[in-house]
Amino acid sequence: MRTQIYESLRLRLQGSEFTTDDRLVDTEIAKEYGTSRMPAREALLALMSQGFLKQTSRGFVIPVLTPQDIRDIFEIRRLVEPDAAAQAARSMTDANIARLAAARQMAMDAGRSGDAKALMLANMEFRGVWIEAVPNPRLRSLIESFSDHAQAVRIATLKEADSRGVVLDGIDQLMKGFANRDGDAVKARLAAFIEAAEAIYFRGLEGENETAAAKGRS
């Protein structure tokens, strides 16, 4: 039961069902899943040990990432992901490519309808497929360990229409590289995509800070 609760909560965290204002309490989680307190608490502690949650005196909360945390995550992504994606491109099966194409279509449909959450989920699916295709299991684990921690970044970069356009273009360009099993093209496109995502995030953060400062002066 512990594993089931862990996997379920992790998916819910990935889907942004919880915010930094929410508190996850073991007794409430146990009641929700129809089990005793211990499996629920063990699942929450497992999520905490991997950095998904932080324990407080009144339950567990989602950690608030600082700007430096975000910079660190982007630095790791720049160093690791382009080469990993290139390996994945060269290892792509027809089934992998079909799944990527389906995720790309989901993203395009979400973009046309302006559904930011659906786009985020499609982006996560697209990303998950190519990560699965990385032949080095340790490299896969390293990338996955930062995927969930970057959730706040994905949410922030999909708030505005211009940002969603960058994401859609990135998925489209990556799809072409993966479909052709062109590792060099995928490496270059993902590196550019990561740079663009970082710029979008910090541009949005600066805008929020300026708005907050203006309100403080009024």
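Please treat every number below as a calculation from the coordinates, not as lab data. Computed from a predicted structure; not experimentally measured. Because the Cβ atoms are built from the backbone with ideal geometry, glycine has one as well, and the counts that use them run over all protein chains shown.
The table below gives the values:
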| read-out | value |
| --- | --- |
| Karplus (6.51, -1.76, 1.60) ³J(HN,Hα), θ = phi - 60°, over the stretch 192-200, in Hz, Gly and Pro reported as x | 5, 5, 5, 4, 5, 5, 5, 4, 4 |
| Overall form of the stretch 2-61 per C-alpha gyration tensor (a/c, 1.5; a/b vs b/c) | rounded |
| Estimated FRET transfer efficiency (Ala196, Gln55; beta-carbon r; R0 45 Å; 0.05) | 0.80 |
| Span from the the stretch 124-139 Cα centroid across to the the stretch 80-118 one, whole angstrom | 11 |
| Read-out Rg and Dmax of the Cα atoms in Å, derived from the coordinates shown; its label in (1) 18.6, 58; (2) 22.5, 77; (3) 16.5, 53 | (1) |
| Mean Cα-pair separation over length for the chain, i.e. relative contact order, pairs under 8 Å, 6 or more apart, % | 22 |
| Long-range HN-HN contacts of Leu53 with modeled amide H, under 5 Å | Met48 |
| Karplus 3J(HN,Hα) series, Hz, for the stretch 83-93 with 6.51 cos²θ - 1.76 cosθ + 1.60 (x for Gly, Pro) | 5, 5, 5, 5, 4, 4, 4, 6, 9, 4, 9 |
| Inter-label distance, nm, simple model (7 Å from Cα along the C-beta direction), Ala101/Ile76 | 3.4 |
| Per residue, the convex hull volume that the Cα atoms of the stretch 75-135 enclose (Å³) | 80 |
